[in-house]
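Asks: Before we start, here is the structure in question, set down as structure tokens.
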Amino acid sequence: MAVQHGIWKIGSQPEALEPIQLDNELLLEEQIHKDISILNPSWMLIGRQVYTDFGKYIDLMAIDAAGSIIVIELKKHRTPRDVVAQVIDYASWVEHLPTEKISQIYSEFAGKYELAERSFDSAFKARFGVFPSDDDINSSHQMVIVAAELDASTERIINYLNDRASVAVNAVFFTVFRDGDNQYLSRAWMIDPVETEEHAVNVGQKNEWNGEFYCNYGATPNGRSWQDAVEYGFIAAGGGRWYNRTLFTLKPGNRLWVLIPGKGYVGVAEVTGHPIIVDEFLAQHPDHQGKYCMVEEFGEDDADYCVPVKWLYKVDEANAVNEVGLFGNQNTVARPRTPKWDHTVKRLAELWEIPLQ
């Protein structure tokens, strides 16, 4: 079924705003260029009208904190099926781009539009708080089609690619509404972006998921405390919905293996409860040592959320396991289906004498 959405003005009588035709999709491309958060506040734009080796231009390219490349293509004058084929064709080119090519694409983009950060590394650090890792950059990719609407058969194709082939392709629908002299842009995703991101993490991998969750716990000297997590039994994430929303995929009974970035793996735990806002969780533990993003200061979207856990095994940061070949990325919680993840779980289970599930 085609996605439909509307806007009503609240008053003594609800008043539906008038949807109008977008005269020029280049205007929409320009709006996204100026503010990529129109699509996703956790993306960084790295290119516009990117020239490919087969003589075509990708409308927009972005990257997320995990290093996944996002190919963004506007429907424009093409048929729905044509734009799906086109974006997949572009993704086949993007898949093989080395890190230095990604860096070059950003540098040319930054130079053309006179951005403050001219190098890819510095821009990534400014946007996401860490320097990019060669192992993570373009380790996965996503495709996004921007359109006013798609026909039912094209929507079925996109759903099939996601459900049956785990191809990370999505569509986002925009409608323009008029209210007097003002115009408003409304957005609706065809598929939950979290699902597409998960497909992107696992793209190209044939392994079945082993039932074990990966967790990235961002402990820092002036932020979240690993000692708090151990003493009070929780993991936490925050700083934006991209970081905290994957916590909501966890359910009591799930098992997760916890990594501190830059340190290594520090523990394995069983989830014992559902995510709760950090203010509520830490109210039970007033003697905590770390500093957390509280909802009163940062708001619900950017606040930290905590998931209660029971530690099955844990070590201090000085004894973190950090070996060549172990899995790692910047997703807060993930369900990897890579051979490296299978190896990681088996290796940690061996070191810590934890029974495999």
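Asks: Can you tell me which residue within the range 26-70, out of those that are within 14 Å of the chain's Cα centre (by Cα) and part of a strand (DSSP E or B), is nearest to residue 261 (Cα to Cα)?
Replies: Step by step, filter the range 26-70, then rank; the result is 64.
Asks: With (1) of a type outside the set (S, T, N, Q); (2) over 22 Å from residue 32 (Cβ atoms); (3) assigned to a helix (DSSP H, G or I); (4) touching a Ser or Thr at 6+ places or on another chain (Cβ under 9 Å) as the list, and residue 161 as the residue in question, which single condition is left unmet?
Replies: Of (1) of a type outside the set (S, T, N, Q); (2) over 22 Å from residue 32 (Cβ atoms); (3) assigned to a helix (DSSP H, G or I); (4) touching a Ser or Thr at 6+ places or on another chain (Cβ under 9 Å), only one is false for residue 161: (4).
Asks: Within the range 309-322, can one find any residue that is in contact (Cβ under 8 Å) with a residue 12 or more places away in the chain and crowded, with 22+ Cβ neighbours inside 10 Å?
Replies: Yes: one or more hits.
Asks: Moving on to the next point. Anything in the range 94-108 that is at pLDDT below 95, surrounded by fewer than 16 Cβ atoms within 10 Å (Cβ to Cβ) and not acidic (Asp, Glu)? List them, or say none.
Replies: The answer is 96, 98.
Asks: Inspect the range 55-62 for any residue being closer than 19 Å to residue 167 by Cα, assigned by TED's automatic domain parsing to the domain that holds residue 112 and among the basic types (Lys, Arg) and give the result as yes or no.
Replies: No - not one qualifying residue is present in the range 55-62.
Asks: Moving on to the next point. In the range 26-43, which residues are over 18 Å from residue 128 (Cα atoms), touching a Phe, Trp or Tyr at 6+ places or on another chain (Cβ under 9 Å) and at pLDDT below 90?
Replies: 28
Asks: Hey, among the residues in the range 213-228 that are part of a strand (DSSP E or B) and not hydroxyl-bearing (Ser, Thr, Tyr), which one's modelled with the lowest pLDDT?
Replies: Of everything passing the filter in the range 213-228, 219 is modelled with the lowest pLDDT.
Asks: Have a look at 46, 63 and point out the one that is buried (at least 21 other Cβ atoms within 10 Å of the Cβ), in contact with a Phe, Trp or Tyr (Cβ under 6 Å, 6 or more places away or on another chain), under 20 Å from residue 130 (Cβ atoms) and of a type outside the set (Ser, Thr, Tyr).
Replies: Testing whether each residue is buried (at least 21 other Cβ atoms within 10 Å of the Cβ), in contact with a Phe, Trp or Tyr (Cβ under 6 Å, 6 or more places away or on another chain), under 20 Å from residue 130 (Cβ atoms) and of a type outside the set (Ser, Thr, Tyr) leaves just 46.
The values are calculated or read from the model by the stated rules, or taken from the named source; none is laboratory data. Predicted, not measured: the structure shown is a model, and the values here were computed from it. A quick note on method: Cβ atoms are made from the backbone with ideal geometry, for glycine too, and the neighbour counts reach across all protein chains shown.
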